[in-house]
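Trainee: Before we start, here is the structure in question, set down as structure tokens.
The values are calculated or read from the model by the stated rules, or taken from the named source; none is laboratory data. These numbers were taken from a predicted model, which means no experiment stands behind them. Here the Cβ is made from the backbone with ideal geometry for all residues, glycine too, and neighbour counts use every protein chain on show. The protein model used for the area step is the full one, side chains on, heavy atoms only, and it has no ligands, DNA or RNA in it. Shrake-Rupley method; radii C 1.70, N 1.55, O 1.52, S 1.80 Å.
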Amino acid sequence: MNKILSKPEALKDEVLSYCPGCGHGIIHRLIAECIDELGVREKTIAVAPVGCAVFAYDYFNFDVTEAPHGRPPAVATGIKRSNPDKFVFTYQGDGDIAAIGMSETIHAANRGENIAVIFVNNANYGMTGGQMAPTTLIGQVTETTPFGRDPKREGYPIHLCELLATLEGAVYLERVAIYNPQNIIKAKKAIKKAFQNQIDGKGFSLVEVISNCPVDWGMTVLDSIKWVKDVFIKTFPLGVVKDKTS
Amino acid sequence: MKKLIKGNIALCEGALAAGLHAYFGYPITPQNEIPAYMSRKMVELGKVFVQAESELAAANMVLGAAVTGVRAMTSSSSPGISLKQEAISYMAGMQLPSLIVNVQRGGPGLGNISGSQSDYFQAVKGGGHGDYRIIVLAPNSAQEMYETAYDAFDLAEKYRTPVMILADGITGQMMEPVEFNKLEKKYFEEKDWHLTGCKDRNPRSIQSLLMKDGVLEQHNINLQQKYNTIAENEIKYETYKTEDAEIVITAYGISSRIAKSAVKIARKEGLKAGLFRPKTLWPFPSKEISFLSDSGTKFLSVELSHGQMIEDVKLAVNGKTQVEFLGKAGGGIVTEREIVEKIKEMIL
Ligand SMILES: Cc1ncc(C[n+]2csc(CCOP(=O)(O)OP(=O)(O)O)c2C)c(N)n1
Ligand code: SF4
């Protein structure tokens, strides 16, 4: 029998701690496949976030460091500037990247740091139990928006790719999703492109991956996937937001 | 040959001689000479300089550089150091060597830009969250700014810990002749913990998140043991005429310079005064102070604060003898005369 799929070398043989049906697992795998295909595993230094992916160092089969909540782009700047020959990427949730770490994100992008950022947008704070995130949709009920997000009270969902697109230093910004196979393939292509940009020295790339958090959304896995397709990506349309690389 | 130079610049030269690879900073008076000097020097030397968007970012850039084993530093002054505490706590937990420089100014809050020593508590008692210590060094001259910065990375790497140089605006701004007598350091020891990419070895991670049962507890016990070892081996201090002193002034940094002059004046006036100057504020020379207090010697803590180091002096003396305080903060400087008068008040 032909083996058509095996575990990427860049993933350890560990059971992931993510909830059943959570998008983080798929995104980890896509990253690992890209790292393998680009042959950079042995020179990778990744930065894990504070959020559900805080245990990423247990799952990735390459060097990974911790960063304080929101600071991965600053930590990655320190790593990459001191080691321009290494491959450096950060993995961050919406709370990490767009709330507490917004300043670090904007300025790393504006400096054109030659790093890749994988931004997992699941419209809430997963790890702390589903509170409002900067990306929480209008009307969305979370632990801290019990009446649904009301722009008058809580402001509007932040579109990070569009926000960063105004910055000269950001060369590639794309929003993808992982709710079906076609989109998973597109997501992998985007991640690989962001990684290749760094290898080619092109500057700051960010891939926003629309993901699901069935547990904190209080949905079944199938309903959460349906919600991504029917609701989530209506507010956060998929596609390339900026590409200065081709 | 000696060169007339500001304390802040001397500090830069010391760090450079020690093999500094990456500097990350953000402007704040009275340490602006440091980022300005580094912005030229580091670029000329083909090393790393980044003016960060905030002290938070600068300190976390240091954390990132330190993860890869390079010598990295940041500098700031009081309000900026408050922002750096996040990364300092993380670096203590992640056991990352780094150099953080605090050229103190008056606080609390925005305070003012004149030299001060009112961040002692913050520096030596933790500052950030969690049970941790960092090595805190207190130079009192431009020469010592140079030498302390030169030695700081060796200490930081020996114990895998952040080191802070706790200077003050006056020592930073003062121009003094400095002998540049340190050799350029060869690249330091090969490390077995840093992240370089996992070529020819198993992947590594550096983290302070330790969730499994008992693991954080053990990590904290290990950290405390490390701090005990540091306390046993790295205490540094200077004494001046303490042998027969009836009163010993304790002072660090710029206050120790004023206090030394005061001791000279007092001696001329027949008062048996001496000076005890901690060069390491953590670890604090408690045993040595305790030893001096055995003979009943009184103590006077002179600080540009409203009394911070005095708490450690009192702990060391442990009620054996009288400990008094003289200090000012927020711009005022304690004068030699005021110290001499206070000495008289205490022993006559
Ligand atoms: C300074 C600080 N503030 C708050 C927290 C608590 N905290 C842990 S994870 C998290 C939110 C993470 O949400 P997100 O980045 O969206 O990632 P997700 O868990 O959804 O993957 C927060 C607020 C923390 N660890 N540190
Ligand atoms: S809480 Fe949400 S984001 Fe976190 S692991 Fe569970 S499903 Fe995934």
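Trainee: Kindly indicate whether residue A:62 is more than 29 Å from residue A:166 (Cβ to Cβ), within 16 Å of ligand 1 (Cβ to nearest atom) and either of a type outside the set (Gly, Ala, Ser) or open to solvent by 40 Å² or more (accessible area, probe 1.4 Å) (or both).
Mentor: Working: more than 29 Å from residue A:166 (Cβ to Cβ): yes; within 16 Å of ligand 1 (Cβ to nearest atom): no; either of a type outside the set (Gly, Ala, Ser) or open to solvent by 40 Å² or more (accessible area, probe 1.4 Å) (or both): yes.
The answer is no for residue A:62.
Trainee: Now a separate question. Please find, within the range A:124-141, the residue that is nearest to residue A:219 (Cα to Cα) out of those that are more than 12 Å from ligand 2 (Cβ to nearest atom) and among the β-branched types (Val, Ile, Thr). Before you say what the answer is, go through the steps one by one.
Mentor: Looking only at the range A:124-141, we keep the residues that are more than 12 Å from ligand 2 (Cβ to nearest atom), and these are A:132, A:134-141.
From what is left, the residues that are among the β-branched types (Val, Ile, Thr) are A:135-136, A:138, A:141.
Values: A:135: 18, A:136: 16, A:138: 18, A:141: 12 Å.
Looking at residues that are more than 12 Å from ligand 2 (Cβ to nearest atom) and among the β-branched types (Val, Ile, Thr), I get A:141.
Trainee: Check off (1) among the polar types (S, T, N, Q); (2) within 11 Å of chain A (Cβ to nearest Cβ); (3) over 24 Å from residue A:66 (Cβ atoms) for residue B:74 and give me the number that stays unchecked.
Mentor: Among (1) among the polar types (S, T, N, Q); (2) within 11 Å of chain A (Cβ to nearest Cβ); (3) over 24 Å from residue A:66 (Cβ atoms), residue B:74 violates only (3).
Trainee: Here's another thing I want to ask about it. Just the residues that are outside any helix (DSSP H, G or I), more than 8 Å from ligand 1 (Cβ to nearest atom) and open to solvent by 10 Å² or more (accessible area, probe 1.4 Å), please, taken from the range A:101-131.
Mentor: The answer is A:111, A:112, A:114, A:129.
Trainee: Something else about it: Restricting the search to the range B:51-109, which residues are assigned to a helix (DSSP H, G or I) and among the charged types (D, E, K, R)?
Mentor: Scanning the range B:51-109 gives B:55, B:84, B:86.
Trainee: Please verify whether the range A:95-114 includes one or more residues that are more than 16 Å from ligand 2 (Cβ to nearest atom), within 14 Å of the chain's Cα centre (by Cα) and within 20 Å of residue A:177 (Cβ to Cβ).
Mentor: No; the residues of the range A:95-114 include none that is more than 16 Å from ligand 2 (Cβ to nearest atom), within 14 Å of the chain's Cα centre (by Cα) and within 20 Å of residue A:177 (Cβ to Cβ).
Trainee: Answer yes or no: is there a residue in the range B:9-23 that is within 12 Å of chain A (Cβ to nearest Cβ), within 14 Å of residue A:75 (Cα to Cα) and open to solvent by less than 10 Å² (accessible area, probe 1.4 Å).
Mentor: Yes, some residue in the range B:9-23 is within 12 Å of chain A (Cβ to nearest Cβ), within 14 Å of residue A:75 (Cα to Cα) and open to solvent by less than 10 Å² (accessible area, probe 1.4 Å).
Trainee: In the range A:159-181, which residues are β-branched (Val, Ile, Thr), over 24 Å from residue A:26 (Cβ atoms) and not in a loop (DSSP other than H, G, I, E, B)?
Mentor: The first filter runs over the range A:159-181 and keeps only residues β-branched (Val, Ile, Thr), leaving A:166, A:171, A:176, A:178.
Filter again for over 24 Å from residue A:26 (Cβ atoms), leaving A:166, A:171.
Passing the criteria: only A:171.
Trainee: Does residue A:148 fit the bill of being on the phi > 0 side of the Ramachandran plot, more than 10 Å from chain B (Cβ to nearest Cβ) and either over 18 Å from the mean Cα position of the chain (by Cα) or crowded, with 21+ Cβ neighbours inside 10 Å (or both)? Lay out the reasoning, then the answer.
Mentor: Working: on the phi > 0 side of the Ramachandran plot: yes; more than 10 Å from chain B (Cβ to nearest Cβ): yes; either over 18 Å from the mean Cα position of the chain (by Cα) or crowded, with 21+ Cβ neighbours inside 10 Å (or both): yes.
The answer is yes for residue A:148.
Trainee: Another question about this same structure. Pull up the range B:201-210, narrow it to residues that are part of a loop (DSSP other than H, G, I, E, B) and at the interface with chain A (Cβ under 8 Å from one of its Cβ atoms), then point me to the one that is most open to solvent (accessible area, probe 1.4 Å). Spell out how you get there, then give the answer.
Mentor: To start, the set of residues in the range B:201-210 that are part of a loop (DSSP other than H, G, I, E, B) comprises B:201-204, B:207-210.
Keeping just the survivors that are at the interface with chain A (Cβ under 8 Å from one of its Cβ atoms) gives B:203-204, B:207-209.
Numbers: B:203: 33, B:204: 61, B:207: 42, B:208: 35, B:209: 46 Å².
Per the stated criteria, the residue is B:204.
Trainee: For the range B:163-200, give me each residue that is of a type in the set (A, V, I, L, M), in a loop (DSSP other than H, G, I, E, B), over 17 Å from residue B:15 (Cβ atoms) and over 19 Å from the mean Cα position of the chain (by Cα).
Mentor: So the first thing to find is which residues in the range B:163-200 are of a type in the set (A, V, I, L, M), and the list is B:163-167, B:170, B:174-175, B:178, B:183, B:195.
Of the ones still in play, those that are also in a loop (DSSP other than H, G, I, E, B) are B:174, B:183, B:195.
When the remaining residues are screened for being over 17 Å from residue B:15 (Cβ atoms), the result is B:174, B:195.
Of everything in the range B:163-200, just one residue is of a type in the set (A, V, I, L, M), in a loop (DSSP other than H, G, I, E, B), over 17 Å from residue B:15 (Cβ atoms) and over 19 Å from the mean Cα position of the chain (by Cα), namely B:195.
Trainee: Here is a further query. Can you tell me which of A:36, A:58, A:63 is within 16 Å of ligand 2 (Cβ to nearest atom) and over 16 Å from the mean Cα position of the chain (by Cα)?
Mentor: Details: A:36 fails: within 16 Å of ligand 2 (Cβ to nearest atom); A:63 fails: within 16 Å of ligand 2 (Cβ to nearest atom).
None of the other options fit; the residue is A:58.
Trainee: Here's a follow-up. Considering only the range B:182-234, how many residues are of a type in the set (Asp, Glu) and modelled with pLDDT under 95?
Mentor: 5
Trainee: Hey, another quick one. Filter the range A:95-153 for residues that are farther than 23 Å from residue A:206 by Cβ and touching a Leu at 6+ places or on another chain (Cβ under 8 Å) and give the result.
Mentor: Matches in the range A:95-153: A:149 only.
Trainee: Look through the range A:217-240, keep the residues that are within 24 Å of residue A:173 (Cβ to Cβ) and within 15 Å of ligand 1 (Cβ to nearest atom), and return whichever of them is surrounded by the fewest Cβ atoms within 10 Å (Cβ to Cβ).
Mentor: Here the answer is A:236.
Trainee: Taking the options B:67, B:101, B:62, name whichever one is farther than 12 Å from residue B:160 by Cα, among the aliphatic types (A, V, I, L, M), open to solvent by less than 10 Å² (accessible area, probe 1.4 Å) and at the interface with chain A (Cβ under 9 Å from one of its Cβ atoms). Reasoning before the result, please.
Mentor: Values: B:67 fails: farther than 12 Å from residue B:160 by Cα; B:101 fails: at the interface with chain A (Cβ under 9 Å from one of its Cβ atoms).
Every option except B:62 fails the conditions.
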